[in-house]
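Just below is one structure, and these are the notes that go with it.
The values are calculated or read from the model by the stated rules, or taken from the named source; none is laboratory data. Please read all numbers here as calculations on a predicted model, not as lab measurements. A quick note on method: Cβ atoms are made from the backbone with ideal geometry, for glycine too, and the neighbour counts reach across all protein chains shown. Keep in mind that these areas ignore ligands, DNA and RNA; they rest on the heavy atoms of the full protein, side chains included. Shrake-Rupley method; radii C 1.70, N 1.55, O 1.52, S 1.80 Å.
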Amino acid sequence: MANPGTARLHVGLVIEIDFPTFTPRITLRSGRELVVEIVAGENSGFADTVDYEAITVRDDLVLLSWQEHIGTTVVHLLDLAARQAYTVVTPARGPLMRLTGAIDIKSGAGRDPAAGNDRPGDW
């Protein structure tokens, strides 16, 4: 069965989420694989390639989840219209984390602000 969420998150999409203590970069490599890298703040330099699931809840609202090889589980609710992420992280060690951060689109299929298609639905 095809993953219904990949329609909103295109292969090649690169986003960063500005959380208070760190910034992850998420790169979608395929319809089921992504790379997550911590590019600033706590755990800077961490990177992992993982299988993910993306479910479109409704227009411009996507639930994105994965489990890292170190055991950490990550669930993002991505409000693409508001460019806001609501995230829950269950670390391999340590307490549950609830985070909110702004989404910054770094690159991605279909993104061309000059052409006027920089709307979330065009990602």
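Need the failing condition index for residue 20 against (1) out of contact with any Gly (no Cβ under 6 Å at 6 or more places or on another chain); (2) open to solvent by 60 Å² or more (accessible area, probe 1.4 Å); (3) under 16 Å from residue 106 (Cβ atoms), just the number.
Going through the list (1) out of contact with any Gly (no Cβ under 6 Å at 6 or more places or on another chain); (2) open to solvent by 60 Å² or more (accessible area, probe 1.4 Å); (3) under 16 Å from residue 106 (Cβ atoms), residue 20 breaks only (3).
Testing residue 80 on (1) open to solvent by 40 Å² or more (accessible area, probe 1.4 Å); (2) of a type in the set (A, V, I, L, M); (3) modelled with pLDDT of 90 or more, one condition comes back false. Which one is that?
Answer for residue 80: the failing condition is (1).
Suppose we filter segment 35-69 for residues that are among the small types (Gly, Ala, Ser) and touching a residue at least 40 places away in the same chain (Cβ under 8 Å); how many remain?
The qualifying residues number 1.
Output the qualifying pairs, or none if there are none: Cβ atoms under 6 angstrom, residues six or more apart or on different chains, first residue in segment 72-83 and of a type in the set (Ser, Thr, Tyr), second residue assigned to a loop (DSSP other than H, G, I, E, B).
The qualifying pairs are 72/91; 72/92.
Return the residues of segment 14-37 that are under 12 Å from the mean Cα position of the chain (by Cα) and β-branched (Val, Ile, Thr); say none if nothing qualifies.
Listed by number, the residues that qualify are 14, 15, 17, 23, 26, 27, 35, 36.
Which residues, counting only those in segment 103-123, are closer than 16 Å to residue 25 by Cβ and either assigned to a loop (DSSP other than H, G, I, E, B) or modelled with pLDDT of 95 or more (or both)?
Passing the criteria: 103, 104, 108, 111, 123.
Name the residue, out of 100, 90, 56, that is in contact with a strand residue (DSSP E or B) (Cβ under 6 Å, 6 or more places away or on another chain), closer than 17 Å to residue 28 by Cβ and of a type in the set (S, T, N, Q).
Numbers: 100 fails: closer than 17 Å to residue 28 by Cβ; 90 fails: closer than 17 Å to residue 28 by Cβ.
After applying the criteria, what remains is 56.
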